[in-house]
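Accompanying notes for the structure given below.
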Amino acid sequence: GSDAGDADGDGLPDSWEATHGLSNATYADASGDSDSDGLSNYREYQLGTNPTLVDSDVDGMQDGWEVTYGFNPLNPADAAQDYDGDVATNLQEHQHNTDPTDPASTPVDLAVSKTASLATVSAATLFEYRLPVTNQGPGLARGVTLTENLPAGSEVYTVAPGLLPAAWAGGVGGGTVTCHPLAGPFLPGAEGPIAVPVVAPAPPGGVSAGP
């Protein structure tokens with residue numbers, strides 16, 4: 001701290017402090033965080049980053065976040081890399097606040113819609129619910145489960161072959177259909193075309209089959 005180039009003895013050269021608007025009359029600003037990026041001014045000096053910029057290499061990822069996960073806050077190329085191999089880039093992980101070093105922590109956006117094969121059904125009529133699930137990315141989706149509650153009184157037509165697509169497993173209990181992938185991740189852009197054959201509820205007393 002007695003170096004003539006560091007008047008306040010905070011480990012930051014006077015010229016560096018002057019360049020970045022810090023004071024060479026107090027050592028307190030060495031532990032401060034001028035740009036609120038999670039790095040102290042002294043750490044920014046050590047790394048060569050800019051203490052007045054949240055994102056020194058302008059790659060969309062905060063300096064402190066990059067250092068926390070072992071990336072280089074002076075290398076903009078690492079934003080497009082996929083460190084943990086979950087298909088989502090490091091930048092996308094930063095944007096979604098997931099862990100870029102853990103493949104089980106990945107940003108995904110799942111969408112599901114529901115349609116029926118018939119607009120109007122009669123009692124005891126067989127029809128089909130279509131429940132496509134789409135992974136809108138950007139990462140791999142693991143352990144996806146879809147739960148659908150059937151209308152009261154209706155039943156899944158279990159006699160029909162191919163109750164669910166081959167890539168999905170499922171079960172029925174208490175009027176609820178539960179589907180989940182058999183194995184592997186659900187890729188971005190992939191769709192699980194789940195189709196459930198259902199028999200509409202019959203009215204009290206049963207339905208006459210006619211003569």
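The values are calculated or read from the model by the stated rules, or taken from the named source; none is laboratory data. As the structure is a computational prediction, the values presented were derived from the model and not from experiment. Neighbour counts run over all protein chains shown; Cβ positions are idealised from the backbone, glycine included. Note: accessible area is taken over every heavy atom of the protein model, side chains too, but ligands, DNA and RNA are not part of it. Shrake-Rupley method; radii C 1.70, N 1.55, O 1.52, S 1.80 Å.
The residues packed around ALA167, meaning those with a beta-carbon under 15 Å from its beta-carbon, carry a net charge of 0 if Lys and Arg are +1 and Asp and Glu are -1.
Just want the answer: with Cβ charges of +1 for Lys and Arg and -1 for Asp and Glu, which residue in PRO165, GLN46, SER122 is farthest toward the dipole's positive end in the chain? Projecting each Cα onto the dipole axis, the largest value belongs to SER122. Protein heavy-atom surface of the range 22-113, 1.4 angstrom probe: 50% of the accessible area is carbon and sulfur, with nucleic acids and ligands not counted. Each Lys and Arg adds +1 at its Cβ and each Asp and Glu adds -1 at its Cβ; summed about the Cα centre, the chain shows a dipole of about 2240 debye.
Take every pair of alpha-carbon atoms less than 8 Å apart whose residues are at least six positions apart; their mean separation over the length of the range 68-144 yields a relative contact order of 27 percent.
Using a probe of 1.4 angstrom and keeping all protein chains present, the accessible surface of the range 58-147 works out to 51 square angstrom per residue.
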